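The values are calculated or read from the model by the stated rules, or taken from the named source; none is laboratory data. Computed from a predicted model, the values in this text were never measured in an experiment. As a convention, Cβ positions derive from the backbone with ideal geometry for all residues, glycine included, and neighbour counts pool all protein chains shown. Keep in mind that these areas ignore ligands, DNA and RNA; they rest on the heavy atoms of the full protein, side chains included. Shrake-Rupley method; radii C 1.70, N 1.55, O 1.52, S 1.80 Å.
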Amino acid sequence: MSPPHPADTKLVISSYHRFTLWRSPPEMAEAVRKIWPEMRVLDLPHYDRIAAELPDADIFVGLLLRPEQLRQAPRLKWVHTTSAGVGQLMYPEFRASGITLTNASGVHAPAMAEHIAGMLVAMARDFPGSMRFQAQRKWGQQEIWDGRSRPRELGGAVALLVGFGAVGRAAAERLRAFGMRIRTVTRSGKAEGSLAERVFSTAELKTALEEADYVILAAPETPETHHMLGAEQLAAMKPSAILVNVARGSLVDQEALIAALEKRAIAGAALDVASPEPLPPESPLWGLDNVLITPHTSGISDRIWQRQTELLIDNLGRWFRGEPLRNRVDLARGY
């Protein structure tokens, strides 16, 4: 079977989100049109026109395609989601559709890796404590040293990365520069390259947790990773350990985490994600002095759409040449 031709292809881009950064800019469609002027490229800033444009669409680019929308797109051959996570598309109809799915893995990795490094520095040096004293206009040097979160160094500490995809590897590169010892947990118990001094399988998670000073969750959201950190796993962590979650809130049993933090079973947590999101004002997490919360901003960067566009254009070229696509999702695994 010969590869598809641009002149016979219709591409629909529709990536609306309440958070404006996640909305695809018109420059993405313009960049595609510049390379393939014969291709029909529609950029829909809202979902109100999508039903009319899906029936003859060959490729869809966006965050979400609902089951009823999928049924309206009989010609659809490829969906590219502008998020790294694909849980929103893992419904039975899509899995059974035979449609090729790619994601934005790697696009957010540089920003998220820097965010992880920043969180570790902030927790190690008790920046949250300094911010509280700043708000009080108080020079809290002695109080910070005498506090439960006494400042420490990252050099020599064990960073356990749970998940070693694009984000995990990018974080490992940066954390090694601090002199940290990198370990990781992967589904298979294997990892590419030499960034990690030791690799554990998910079946060995509890063992891996026991020696970690910082536990960093960067795994995909799948049925297997749901609540992978519960009361039992939190109890296996050192009392001095810090949990960092930049993956999804569902990976952690949040009630068990709150209980562990309240009784200081672990030293603290830096959370960029929660369950649910937005985190409700009444959540106890807001009031805990051993918690740092960022509002799902780890993937935010002014370079996101530049990398998104580069990835899409590269994959379109591969599509038209009949070559394997980057970031193809295994629908059976869900990532």
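Semi-axes of region 47-108's equivalent ellipsoid from the Cα gyration tensor, sqrt of 5 times each eigenvalue, largest first, rounded to whole Å?
After diagonalising the Cα gyration tensor, the semi-axes are 18, 13, 11 Å.
Could you pull out every residue, at least 5 positions away or on a different chain, whose amide H is within less than 5 Å of the one on Lys10? Hs are placed 1.01 Å off N in the peptide plane, and Pro or chain starts have none.
Counting only residues 5 or more places away or on other chains, the set is Asp58, Ile59.
In what sequence, largest accessible area first, do Trp139, Trp305 appear using a 1.4 Å probe?
The most accessible residue leads, giving Trp139, Trp305.
Run the helix sum for the chain: -39,500 (n - 2.57) per DSSP H stretch of 4+ residues, divided by residue count, reported at 222 nm to the nearest 500 deg cm²/dmol.
-8500 deg cm²/dmol
Counting only protein heavy atoms and a 1.4 Å probe, tell me what percentage of the chain's accessible area is made up of carbon and sulfur.
With neighbouring chains kept in place, the figure for the chain is 52 percent.
Taking only C-alpha pairs under 8 Å that are 6+ residues apart, what is the relative contact order of the chain in percent?
So the answer I get is 16 percent.
Comparing Ala113, Ala191, Ala269, which has the greatest mean-square fluctuation in the GNM of the chain with Cα pairs linked when under 10 Å apart?
In the Gaussian network model the winner is Ala191.
With point charges of +1 on the Cβ of Lys and Arg and -1 on the Cβ of Asp and Glu, referenced to the Cα centre of region 106-258, which listed residue (Gly118, His108, Phe164) lies farthest in the positive direction of the dipole?
Highest projection toward the positive end goes to Gly118.
Could you work out the per residue convex hull volume over the alpha carbons of the chain, in cubic angstrom?
Values: hull volume 51.2 nm³, N = 335.
Value for the chain: 153 Å³ per residue.
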